[in-house]
1. For the chain, what is the mean residue ellipticity at 222 nm derived from helices alone (per DSSP H run of n ≥ 4: -39500 (n - 2.57); sum divided by total residues; nearest 500 deg cm²/dmol)?
2. Under 9 Å from the Cβ of Val71, count the other residues' Cβ atoms, weight Lys and Arg +1, Asp and Glu -1, and hand me the total.
3. Just to be sure I understand the model, the point goes 7 Å from the Cα along the line to the Cβ. What's the resulting Ala296 to Arg173 distance in nm?
4. Taking the Kirkwood radius as the inverse of the mean 1/r across Cα pairs, report the Rg/Rh of region 183-327.
5. Among Thr190, Thr268, Thr306, determine the one that fluctuates most according to a GNM of the chain built with springs between C-alpha atoms less than 10 Å apart.
6. Taking every pair of Cα atoms in region 164-267, average 1/r, invert it to obtain the Kirkwood radius, and report Rg/Rh to two decimals.
7. Could you give the radius of gyration (one decimal) and Dmax (whole number) of the Cα atoms in region 112-173, in Å?
8. Ser112 versus Ser52, label points 7 Å from Cα toward the beta carbon: distance in nm?
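Where a number appears in this text, it was derived from the coordinates with a stated rule and is not lab data. Note that the structure is predicted; figures quoted are calculated from it, not measured. Cβ coordinates were reconstructed from backbone atoms using ideal geometry, including for glycine residues, and neighbour counts include every protein chain displayed.
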Amino acid sequence: MRGRSSTTLGQLFLLVLVLALPATALRAQTRDKVHRVAFIAIATISIEGFRSVTLPELARLGFVEGRNLVVTTHHGPVDRIQEVAREAIATRPDVVVVSGALTAEAAKAASSTVPIVFLIGDDPITIGLAKSLARPGSNVTGFTIMAELEVKRLLLLHEAVPSARRVGLLAHRPPRHDESVKGLQHVAETLGIETHVFRVDGPTDYAKVFADMRAARIEVLVIFAAAEFFRDAAVLSRRAMEAGLPTVCEWATMARDGCLIGYGPNLTALRLRIADYVARILRGTPAGELPIEQPAKFEFAINLKTAKALGITVPSSLLARADELIE
């Protein structure tokens, strides 16, 4: 009897060992696999942020460039972004990370199967990227900045320069920024502020548009959220300074480039969250099952050097609320 029990136990042990081998092999295969991530953006400054923040966080999560991760970056102007997206998909990535709504739409058009993680300022449902925020469906997920931040920025600029009654709105050509412009104009009207919209296609239009602002006697300027304006923050700030215009921009970091005020989500926090989503997808979670998140942290910066150069005394109540004062 003892002999039969011993034999049975031995057979069971061997059976368990054999059944466990495929799982062990699978774990080893997952660990040793080289993953591919492609990053697409309109502005190279977005690529710099991806490399300086997202990639180190991915390494902390176990995906190290040069060891088990291959990263390709792709960028180009708006009129080439669909071609750039196709080039990125041609590298056969496991995940695509994109910055900006136009880039996200181009990546989605280029592939309906490759997982896409986006960072956009638009409503992903309205522009057709997702079915819902909780369960995006398809092959997309990411982070959206849908809060009425342009309105918040206008209010901050109005608080900094309360005497200003002629506000310039720097935006891209239609249909970009159309809804944001309408919303901002409505709020400005309730405040008794006159708005003038100035549209551009790109940097070649900057000289003319700032000349038009002078002619229109614009007193302050709201620079709308856009990857190109983020890229050109220093150029726009310099032109605004030459025109004597206090500005408000979409990111706190843009205040360091010369904008009077920078207000927006904490960009570093968003880039860290992107790394978490990429890691989860590489480990097997379908992109469409990851909820689309909105930012939880915001930053507010004031450039005191710009204020001094423009002869502006920023109210102490506003200075007290700033996260960063640049001198």
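1. Values: 14 runs with 144 residues, N = 327.
That comes out to -13000 deg cm²/dmol.
2. In short, +1.
3. 4.1
4. 1.05
5. Thr190
6. Over the Cα atoms of region 164-267, Rg/Rh equals 0.93.
7. Rg, Dmax (Cα atoms, Å): 16.8, 53.
8. Taking the two extended label points, one gets 3.9 nm.
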